[in-house]
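These notes are about the structure you will find just below.
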Amino acid sequence: MRREEAELEDNLRRRKEAAVDNYRNIVQSTLVQVGGLYAVSQACLLVIFVPQKCPTIIPCAMPPLYDCSGDKLSVMSPALRDAALADPELMGGGCCTQSSVFDYPIYQPDGHLCSLKENLDWENCTAFNQSVIVINGATLLIMLAAQSFFWKREVWMINHLEEDNMVPYSSLPEQIKPYEDLRKQNTGYNRGAYAYATAVTIMVALNFAVSTYFLIKGDGVYNYNIGSRTTTGLLTNTMLVSTKIMGYFTYARLSKTQDWAISMFSVIPVSYNVVDENYKIHHAKQDENLDA
């Protein structure tokens, strides 16, 4: 009797320790995900976070085609250009004066460092500029959806699987065979993780290509590039998550093709290679109840 009681107490102690470990791992994974959200936002919203040069706004009595020196304005805002083409005579007499009260954006070559409001000034953006902003936003949404799914998968693995250094890291397919429900769930999570990782990789690559062209070459009306500050900001923000994205794709592909369960959040790769002891006990009790 004492032996059975000792075994029961030992099982309860191990289950409590396992529950504490699971809780700690879940908290750590959550903190890693939340801590990386800012870096993810910077890497996706390149048009917002990369330093750019914006046009200077000059007060004018009337939106002019010519500046005060009589030189023709070679670069103007899209709205001003459309108005000039629609009615050249109406636009022909304006001149900048200090007493002017009408503010109209005229693009000057020198410009100034863009503010967040200017980077998101949708009404004065060209169609290409707007499309880049949309792609930036879509990339962020897909990235957040992927992160949410990876976190859900991580919590499931922590609660149902374990990492055992005493057995090979590739042991999970054999270890999980007796538990058909776990095997199906693991397969479903691995397929979803691979689909999200693939979508994220494609969108980030597209986002980087389109944003780079916009930031370096401009939108056809104005060149937002301010040299090394733009280039450095673009590369730095992209590199913040490039390694992470490569890890996502590699781990998701291996998990899917090999039926493994590799963590997406650990700095050092973690492969959950055995079934959780608590789950085994719970599963055994369910079988006993069915037999009874």
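Each value in this text was obtained by applying a stated rule to the coordinates, not by laboratory testing. Not measured: the values here are computed from a predicted model. Methodologically, a virtual Cβ is constructed for each residue, glycine included, from the backbone with ideal geometry; neighbour enumeration extends over all protein chains shown.
Taking amide hydrogens as placed 1.01 Å from N in the peptide plane, the amide H of Val274 sits under 5 Å from those of Glu162, Asp164, each at least 5 positions away in sequence or on another chain. The residues Val40, Val134, Val210, when put in order of fewest to most other Cβ atoms within 10 Å, stand as Val134, Val210, Val40.
With each label modelled as a point 7 angstrom along the Cα→C-beta vector, the Ile202-Thr231 pair spans 3.2 nm.
Provide the FRET efficiency to the nearest 0.05 for the Lys280-Asn124 pair, computing r from the beta carbons and using R0 = 45 Å. Efficiency, from the Cβ-Cβ distance: 0.10.
If each residue's Cβ is checked for other Cβ atoms within 10 Å, how do Ser41, Ser171, Ser255, Ser271 rank with the fewest at the top? Before the final figure, lay out the partial values.
Values: Ser41 18, Ser171 15, Ser255 27, Ser271 22.
Ordered from fewest to most neighbouring Cβ atoms within 10 Å, Ser41, Ser171, Ser255, Ser271 come out as Ser171, Ser41, Ser271, Ser255.
Using 0.36 nm per residue and subtracting the Cα-Cα separation, the extra length available between Asp164 and Ala39 on full extension is 41.8 nm. If the cut-off is a Cα-Cα distance under 26 Å, which lysines reach Lys217, setting aside same-chain residues fewer than 8 apart in sequence? Candidates past the 8-residue exclusion: Lys53, Lys72, Lys117.
Legend: ranking of residues Tyr38, Tyr222 from fewest to most surrounding C-beta atoms inside 10 Å; resulting order Tyr38, Tyr222.
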